[in-house]
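I have placed the structure first, in the form of structure tokens, so that the comments after it can refer back to it.
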Amino acid sequence: MGDSWTTIQLQRLKELNASQEILEMNFTESIIRDRMFQKVEHQLVNQGKTKLNLLRLEKRRPALLELENQLAETLRKEGFVQVITPTIISKVSLAKMTISDDHPLFNQVFWLDEKRCLRPMLAPNLYTLWKDLNRLWKKPIRIFEIGTCYRKESQGSQHLNEFTMLNVTELGTSLEQRHQRLKEMVDWAMNAAGIENYELITESSVVYGDTVDVMKDEIELGSGAMGPHFLDEKWGIFEPWVGIGFGLERLLMIREGTHNVQSIARSLTYLDGVRLNIK
Ligand code: ATP
Ligand code: MG
């Protein structure tokens, strides 16, 4: 075993999105390592510049927005209506999700004042729309939203304070078809995102009903649920339903093989995955 990269070198290589193979390199002498570092850094900076040029001249929008569009297009083709709802929600609607003082998510909520906060999830707004659309439209009601959600997180490579959630829902699914429908929703999202070989983990709970997590490489990409659910009556909903939420930055992280969600998220230090402190 020889020397590996210094902590500072390793940090820089990760910023520049070096491959795992590069990160795991070993060297017999530190002088060889340092020379290799210069060479690799130079190459990665050039790759970043090429990617930025491509963005400027051809793509014209970052992968996160591209993915948002691909997902939305797929779901609209499947008959789902895209909706857009407020990012500022009321304390009352959070409480209807039973997110009150003793809930784990409660401490993660960004409060604006005593009555309002930034939404940590899309579900309260979608429940609200369901109730009206249920009166106005024939079932099944198929709606989805893609939008920013906010949670106080102690960072880490998979968590952002503001991330992009996709929530697909269908109200009025027949009881027997719920699992199949959820599976279809997962397949549509994964196809649109270009992700293969994901795993579905189903758990049954008396209180929450069945939940389905979508996993890949031990990372949670999405979480689904179905009704009848104990929350439904608070929202005036009495029909069976299915719904699932995905984090778009996590989908991208898995597809692009980046080291963290920060590099492809809303950012001022990265643009479309490229660290901007390069020359
Ligand atoms: P985790 O256990 O990984 O913190 P969660 O179970 O709290 O996630 P959900 O409430 O199930 O998250 O949200 C649905 C999806 O939104 C998650 O599967 C994940 O892809 C994404 N997500 C949740 N929190 C974050 C975050 N802070 N940053 C980025 N993506 C997130
Ligand atoms: Mg989850």
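The values are calculated or read from the model by the stated rules, or taken from the named source; none is laboratory data. On a predicted model such as this, the values are computed, not experimentally measured, just so you know. Quick reminder, even Gly has a Cβ in these numbers, built from the backbone with ideal geometry, and neighbours come from all protein chains shown.
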Subset of segment 220-268 [aliphatic (A, V, I, L, M) and either over 23 Å from ASN69 (Cβ atoms) or out of contact with any helix residue (DSSP H, G or I) (no Cβ under 7 Å at 6 or more places or on another chain) (or both)]: ALA225, MET226, LEU231, ILE237, VAL242, ILE254, LEU268
Residue satisfying condition, being touching a helix residue (DSSP H, G or I) at 6+ places or on another chain (Cβ under 9 Å), within 19 Å of GLU218 (Cβ to Cβ) and either assigned to a helix (DSSP H, G or I) or at pLDDT 95 or above (or both), within set GLU196, GLU170, GLU153: GLU196
Report, ordered by the first and then the second residue, all pairs with beta carbons closer than 8 Å, sequence separation of six or more or different chains, a first member in segment 89-102 that is assigned to a loop (DSSP other than H, G, I, E, B), and a second member that is at pLDDT 90 or above and of a type in the set (A, V, I, L, M, F, W, C). MET97/MET121; MET97/ALA123; MET97/LEU231; THR98/LEU231; ILE99/VAL109; SER100/LEU94
Among (1) more than 23 Å from ALA193 (Cα to Cα); (2) of a type in the set (Val, Ile, Thr); (3) outside any loop (DSSP other than H, G, I, E, B), THR74 falls short only on (1)
Near ligand 1 (Cβ under 9 Å from one of its atoms) and either at pLDDT 95 or above or surrounded by fewer than 19 Cβ atoms within 10 Å (Cβ to Cβ) (or both), is that true of ILE278? no
Please tell me if ASN161 is away from ligand 1 (no atom under 16 Å from the Cβ), surrounded by fewer than 21 Cβ atoms within 10 Å (Cβ to Cβ), modelled with pLDDT of 95 or more and polar (S, T, N, Q). no
Of all residues in segment 207-230 being outside any strand (DSSP E or B) and within 14 Å of ligand 1 (Cβ to nearest atom), which is surrounded by the fewest Cβ atoms within 10 Å (Cβ to Cβ)? GLU218
Can you confirm whether GLY156 is over 24 Å from SER100 (Cα atoms) and small (Gly, Ala, Ser)? yes
Filtering segment 250-273 down to residues that are among the β-branched types (Val, Ile, Thr) and buried (at least 21 other Cβ atoms within 10 Å of the Cβ), which residue is nearest to ligand 1 (Cβ to nearest atom)? VAL261
Among (1) more than 30 Å from LEU23 (Cα to Cα); (2) modelled with pLDDT under 95, the one test that GLU239 misses: (2)
Test result for SER204, out of contact with any Leu (no Cβ under 6 Å at 6 or more places or on another chain), part of a strand (DSSP E or B) and more than 14 Å from ligand 2 (Cβ to nearest atom): yes
Candidate set from segment 207-244 (those that are more than 14 Å from PRO124 (Cα to Cα) and without any contact (Cβ under 8 Å) to a residue 12 or more places away in the chain); member that is farthest from ligand 2 (Cβ to nearest atom): PHE238
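Each row is one residue, and each column tells you yes or no for (1) hydroxyl-bearing (Ser, Thr, Tyr); (2) out of contact with any strand residue (DSSP E or B) (no Cβ under 9 Å at 6 or more places or on another chain); (3) at pLDDT below 95.
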site: THR7; (1), (2), (3): yes, yes, no
site: LEU13; (1), (2), (3): no, yes, no
site: ASN17; (1), (2), (3): no, no, yes
site: GLU41; (1), (2), (3): no, yes, no
site: LYS49; (1), (2), (3): no, no, no
site: LEU54; (1), (2), (3): no, yes, no
